[in-house]
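Every read-out reported here was derived from the displayed coordinates using simple, explicitly stated rules and does not represent laboratory data. Keep in mind the model is a prediction, meaning the values are calculated, not measured. Glycine gets a Cβ as well: all are built from the backbone with ideal geometry, and neighbour counts include every protein chain shown.
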Amino acid sequence: MRIDVVSIFPDYLAPLDLSLIGKARQDGLLDLHVHDLRSFTTDRHRTVDDTPYGGGAGMVMKPEPWAQALSAVVEARPEGARKPVLIVPSPAGERFTQALAYELAEEEHLTFACGRYEGIDERVFEWAQEHFEVRPVSLGDYVLNGGEVAVLAMVEAVGRLLPGVVGNPESLVEESHSDGLLEYPVYTKPSQWRGREVPAVLLSGNHGKIAQWRRHEQYRRTAERRPDLLEGFDAGNLPRADRSELHVLGYDIVAGRLVRRPIG
Ligand code: JCK
């Protein structure tokens, strides 16, 4: 896969040289190019921003450096490739999810446009639609200072799905079968540590009981931390032990779906 990133802070993307993603680049699985937006300016001060039409706080990124940078990316794209995807990190984008990561991992070319200030002149995206499939994407409902941190997260989430990037592909298989619940807790040696014991069932060697304990821990955690994930959960053909655990946690099964039992 080829990935291009355009930013006024190319050094912000330095962590992509490290760890799993850095290794994928060294192994030739990921062809990553980071471009400095300022190198596409033509004025003496390398200006990338200006005041907003209509007034208001902050500055807006000027369109021309973006058109120059994105044109250079289009020129450099792989031979015969289809319309590349342009991901625009934005607090006003669709949410980045694991489903979107899987979708993007199928592409041969991704481009990321990292805005700063109050964002990029909207006309850039209208123009870019002629060359790219433009997708504004948000990392989550909080405000960052620019797109770079979101790109680090998205490149890592997409990159680890590429064939050969994760050393043990079984972990990816397990993940893709993960059931929309939070993970169970994990433990390693020593079995006693600072007066705390690993749950006995995990030392029992009884794989049926271990699987059931882990699933119940998933339900407990999900009910506690992410009840939104349980509402409407497909409980159509769960084992009796699971139904009873969910009942204890305050959920009923109505027409095969979990519903939070009304309180009082
Ligand atoms: C890209 C510039 C900074 C700050 C205006 C926003 C009410 C607009 C993001 N999950 C995410 N949060 N933030 C970003 C993100 C922020 C960015 C840019 C992505 C480019 N900024 C900024 C404030 C505003 N307010 C809420 C008005 C931009 C992602 N992905």
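For the reader, a short list of remarks on this structure follows.
- On the principal axes of its alpha-carbon atoms, segment 78-129 has extents of 33, 27, 15 Å, going from largest to smallest.
- One way to sum up the overall shape of the chain is the equivalent ellipsoid from its Cα gyration tensor, whose semi-axes run 44, 23, 18 Å, largest first.
- Share of pairwise Cα-Cα distances greater than 24 Å in segment 62-163 is 20 percent (whole percent).
- In plain terms, the chain from R44 to E126 could stretch by 26.7 nm, reckoned as 0.36 nm per residue minus the Cα-Cα distance.
- Using alpha-carbon coordinates, inclination of helix 63-75 to the longest axis of the chain, degrees: 70
- Taking a Cβ cut-off of under 14 Å around N168, the surrounding Lys, Arg, Asp and Glu residues balance to a net charge of -1, with basic ones at +1 and acidic ones at -1.
- The residue among G115, T97, P136 whose Cα reaches farthest toward the positive pole of the charge dipole of segment 22-158, with charges on the beta-carbon of Lys, Arg, Asp and Glu, is G115.
- Dimensionless Rg over Rh [segment 196-241; C-alpha; Kirkwood]: 1.05
- Placing +1 on each Lys and Arg Cβ and -1 on each Asp and Glu Cβ, with no other charges, gives the chain a dipole about its Cα centre of roughly 1240 debye.
- Here segment 113-264 is described by how far its Cα atoms reach on the three principal axes: 60, 44, 31 Å, from widest to narrowest.
- Magnitude of the charge dipole, segment 1-62, Cβ model with Lys/Arg +1 and Asp/Glu -1, debye to 20: 60
- Sparse-neighbourhood loop sites, GluC sites (Glu not before Pro) in segment 151-252 - DSSP loop, at most 16 other Cβ within 10 angstrom: E183, E231
- If you plug the beta carbon distance of M59 and L29 into 1/(1 + (r/R0)^6) with R0 = 41 Å, you get a FRET efficiency near 0.60.
- The length gained by stretching the chain between E183 and R260 to full extension, at 0.36 nm per residue less their Cα-Cα distance, is 25.7 nm.
- Relative contact order for the chain, counting Cα pairs under 8 Å that sit 6 or more residues apart, in percent: 17
- Theoretical ellipticity at 222 nm over the chain - DSSP helices of four or more residues, -39500 (n - 2.57) apiece, nearest 500: -9500 deg cm²/dmol
- Note that segment 113-128 has calculated 3J(HN,Hα) couplings of 10, 8, x, 9, 6, 8, x, 10, 3, 4, 5, 4, 6, 4, 4, 5 Hz, one per residue in order, obtained from phi through the Karplus relation 6.51 cos²θ - 1.76 cosθ + 1.60 (θ = phi - 60°); glycine and proline are x.
- For V85, distant residues with modelled amide H under 5 Å away: H109, T111, E133
- Mean-position separation - Cα centroids, segment 58-129 and segment 191-235, in angstrom: 41
- Degrees between helix 207-225 axis and first principal axis of the chain (Cα, 0 to 90, nearest 10): 60
- Bridge orientation summary for the chain: considering DSSP beta bridges with both residues in this region, about 30 percent are antiparallel.
- Model label zone, A14; criterion: amide N under 20 Å from point 7 Å along Cα-to-beta-carbon; scope segment 118-156: 145-156
- DSSP-loop trypsin sites (Lys or Arg not before Pro) across segment 98-207, with at most 11 other Cβ within 10 angstrom: R194
- Relative contact order [Cα under 8 Å, 6+ residues apart], segment 82-231, whole percent: 25
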